[in-house]
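In what follows, a structure is listed as structure tokens, so that the remarks can point back to it.
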Amino acid sequence: MKTREMKVKALALLALALFSAAGTVAAIPKPGTCTAANQGQRVTETASNGSSRIYLCDDSVWQLYAICDNRGRCTIVI
């Protein structure tokens, strides 16, 4: 019985973590806003929890440049 309870609690905790992570995703900038005129421009999209993502305009496509936590520490993706 205790093993089943532990599995249920672990599954509930995992589900909560997944739902929390899904709520922190920032939106990609609007299509068509990356043009030759703003080549190299960076746009920061901030989530409600303070984390953010930085996108880079490259060859008329927004690419994910960096992912930042709510303390300002960023990991460069490109």
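The values are calculated or read from the model by the stated rules, or taken from the named source; none is laboratory data. Bear in mind the structure is a predicted one, so any value in this text is a computation, not a measurement. Every residue, glycine among them, receives a Cβ derived from its backbone with ideal geometry; neighbour counts consider all protein chains shown. Side chains included, ligands, DNA and RNA excluded: accessible areas come from the protein's heavy atoms. Shrake-Rupley method; radii C 1.70, N 1.55, O 1.52, S 1.80 Å.
Residue 37 fulfils the conditions (1) of a type in the set (A, V, I, L, M, F, W, C); (2) part of a strand (DSSP E or B); (3) open to solvent by 30 Å² or more (accessible area, probe 1.4 Å) except for a single criterion, (2).
So, in segment 43-78, of the ones that are polar (S, T, N, Q) and surrounded by 15 or more Cβ atoms within 10 Å (Cβ to Cβ), which residue ends up nearest to residue 31 (Cα to Cα)?
Looking only at segment 43-78, we keep the residues that are polar (S, T, N, Q), and these are 44, 46, 48-49, 51-52, 60, 63, 70, 75.
Subsequent filtering for residues that are surrounded by 15 or more Cβ atoms within 10 Å (Cβ to Cβ) retains 51-52.
Values: 51: 22, 52: 19 Å.
Looking at the filtered set, the residue picked out is 52.
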